[in-house]
Ligand code: DSN
């Protein structure tokens with residue numbers, strides 16, 4: 001960063017601080033990961049200079065031959081990686097991707113039906129404060145009170161009663177396998193399109209450890225930066241018949257110029273995800289999550305739905321301490337270099353201050369090469385912190401141990417694919 005240090009030492013220093021924070025903490029936020037240096041190089045490239053409104057070979061700007069090559073390669077890789085008929089790789093985020101899908105086929109006032117936010121859904125699936133909840137009528141389905149899992153017969157009943165114009169499958173904090181086939185059948189019965197938002201599980205899907213939504217869905221959206229381990233941003237996959245509507249909804253419908261440096265970084269991440277070792281990475285994310293979940297349960301904590309099938313789990317703080325709130329817990333864990341996020345668990349009150357869950361995920365610690373033994377250590381530290389009442393000495397002691405583990409498992413800084421093999 002020698003140039004940056006000369007030109008803008010303050011920003012250079014902040015980036016160094018962030019590097020140090022990442023090196024010395026354990027990233028347990030289920031939606032974060034550490035990208036490879038190759039992805040970072042593409043992201044920091046001169047492709048950022050180029051305007052390329054339009055699509056490959058159909059641009060409004062001249063000088064787009066390299067932008068065309070980058071975007072076409074990214075599209076081809078996305079289609080190959082997911083087995084999709086069409087890919088749009090321009091959305092700036094997962095939310096933008098979802099909005100483009102709505103915009104492509106729905107009129108304002110139409111009804112969408114997704115998973116309730118407090119049960120694991122996402123803002124862009126119809127939350128009232130989000131544009132999706134303002135433009136469309138919203139119906140929601142949720143998990144069952146006793147199992148905290150989706151009951152597909154119940155989802156079907158609700159969908160047939162509500163008759164949405166679009167059914168949405170997918171979640172941000174649901175620790176169980178999503179039955180896309182059942183969602184596809186329900187959408188068919190209702191006579192509406194199915195949008196499967198696989199932002200969280202995309203890496204697990206391409207790694208073969210979660211069922212693939214493509215055969216059952218009209219549209220699939222994802223971010224690239226969670227289990228898929230790419231740059232921030234989104235993509236849309238769909239059947240050929242919707243290609244034109246989707247492309248027009250993204251540009252000129254919702255966005256202007258696409259970000260070609262991001263498209264290049266997405267392409268690199270897709271290439272990495274096509275390598276055989278990515279399957280092993282995906283498998284290890286899930287086995288690490290299972291070990292972390294089992295170890296937390298052994299310590300006496302209750303997990304929502306009793307465990308996990310994927311990369312994340314939700315811990316019910318009240319299972320051991322009825323006074324503990326999400327924010328206190330996440331802040332104590334932060335003090336011990338265990339980075340998480342406050343999260344509601346199903347049936348929590350809506351007020352953020354009354355949430356009672358913490359969400360943990362294993363994509364980033366798995367990228368660092370950690371396995372079962374380290375998951376057990378981490379569970380022990382989480383337990384110590386949550387039982388400490390925020391005691392500064394305990395937090396400092398755990399922080400010291402976490403930092404030592406971080407030194408043993410540095411964030412891979414050479415070839416990510418090679419380090420996955422080790
Ligand atoms: N904000 C993301 C998450 O943390 O799950 C979802 O988009």
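At a glance:
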read-out: Residues within region 87-101 that are surrounded by fewer than 19 Cβ atoms within 10 Å (Cβ to Cβ) and more than 16 Å from the ligand (Cβ to nearest atom), tallied; value: 0
read-out: Where residue 380 falls short, out of the listed (1) within 28 Å of residue 19 (Cβ to Cβ); (2) touching a strand residue (DSSP E or B) at 6+ places or on another chain (Cβ under 6 Å); value: (2)
read-out: Residue list for region 375-394, restricted to those being surrounded by fewer than 21 Cβ atoms within 10 Å (Cβ to Cβ) and assigned to a helix (DSSP H, G or I); value: 376, 377, 380, 383, 384, 392, 393, 394
read-out: Residues located in region 281-306, provided they are more than 19 Å from the chain's Cα centre (by Cα) and either under 17 Å from residue 34 (Cα atoms) or outside any helix (DSSP H, G or I) (or both); value: 299, 300, 301, 302, 303
read-out: Cβ pairs under 9 Å, 6+ apart, first in region 220-239 and farther than 13 Å from residue 78 by Cβ and more than 14 Å from the ligand (Cβ to nearest atom), second at pLDDT below 95 and outside any strand (DSSP E or B); value: 229/416
read-out: Test result for residue 329, surrounded by 22 or more Cβ atoms within 10 Å (Cβ to Cβ), in contact with a strand residue (DSSP E or B) (Cβ under 6 Å, 6 or more places away or on another chain) and part of a helix (DSSP H, G or I); value: yes
read-out: Filtered residue count, region 299-314, keeping only those that are touching a residue at least 60 places away in the same chain (Cβ under 8 Å) and touching a helix residue (DSSP H, G or I) at 6+ places or on another chain (Cβ under 7 Å); value: 10
read-out: Region 1-16 - residue that is within 30 Å of residue 222 (Cα to Cα) and out of contact with any helix residue (DSSP H, G or I) (no Cβ under 8 Å at 6 or more places or on another chain) and, of those, farthest from the ligand (Cβ to nearest atom); value: 16
read-out: Any hit, region 90-104, residues being part of a loop (DSSP other than H, G, I, E, B) and farther than 17 Å from residue 242 by Cα; value: yes
read-out: Residue 140 more than 25 Å from residue 310 (Cα to Cα), under 23 Å from the mean Cα position of the chain (by Cα) and outside any loop (DSSP other than H, G, I, E, B); value: no
read-out: Complete set of residues in region 106-142 that are more than 16 Å from the ligand (Cβ to nearest atom), free of Cβ contacts under 8 Å to residues at least 40 places away in the same chain, on the phi < 0 side of the Ramachandran plot and surrounded by fewer than 17 Cβ atoms within 10 Å (Cβ to Cβ); value: 107, 108, 128, 134, 137
read-out: Filter result for residue 340 (more than 16 Å from the ligand (Cβ to nearest atom) and at pLDDT 95 or above); value: no
read-out: Number of the condition not met by residue 83 [criteria: (1) under 22 Å from residue 198 (Cβ atoms); (2) surrounded by fewer than 19 Cβ atoms within 10 Å (Cβ to Cβ); (3) within 16 Å of the ligand (Cβ to nearest atom)]; value: (3)
read-out: In region 162-178, residue nearest to the chain's Cα centre (by Cα) [restricted to those that are more than 16 Å from the ligand (Cβ to nearest atom) and over 16 Å from residue 286 (Cβ atoms)]; value: 167
read-out: Region 21-80, residues that are outside any helix (DSSP H, G or I), farther than 30 Å from residue 409 by Cβ and either touching a residue at least 24 places away in the same chain (Cβ under 8 Å) or within 16 Å of the ligand (Cβ to nearest atom) (or both); value: 50, 51, 52, 53, 54, 55
read-out: Given (1) at pLDDT below 95; (2) surrounded by fewer than 16 Cβ atoms within 10 Å (Cβ to Cβ); (3) within 22 Å of the chain's Cα centre (by Cα), index of the condition residue 418 fails; value: (3)
read-out: Selection count, region 299-311, where residues are more than 11 Å from residue 358 (Cβ to Cβ) and surrounded by 24 or more Cβ atoms within 10 Å (Cβ to Cβ); value: 3
read-out: Check on residue 282, under 22 Å from residue 170 (Cα atoms) and either in contact with a helix residue (DSSP H, G or I) (Cβ under 9 Å, 6 or more places away or on another chain) or at pLDDT 95 or above (or both); value: yes
read-out: Qualifying residue in region 360-370 (condition: in a strand (DSSP E or B) and crowded, with 24+ Cβ neighbours inside 10 Å); value: yes
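The values are calculated or read from the model by the stated rules, or taken from the named source; none is laboratory data. Computed from a predicted model, the values in this text were never measured in an experiment. Backbone-built Cβ (ideal geometry, glycine too); neighbour counts: all protein chains shown.
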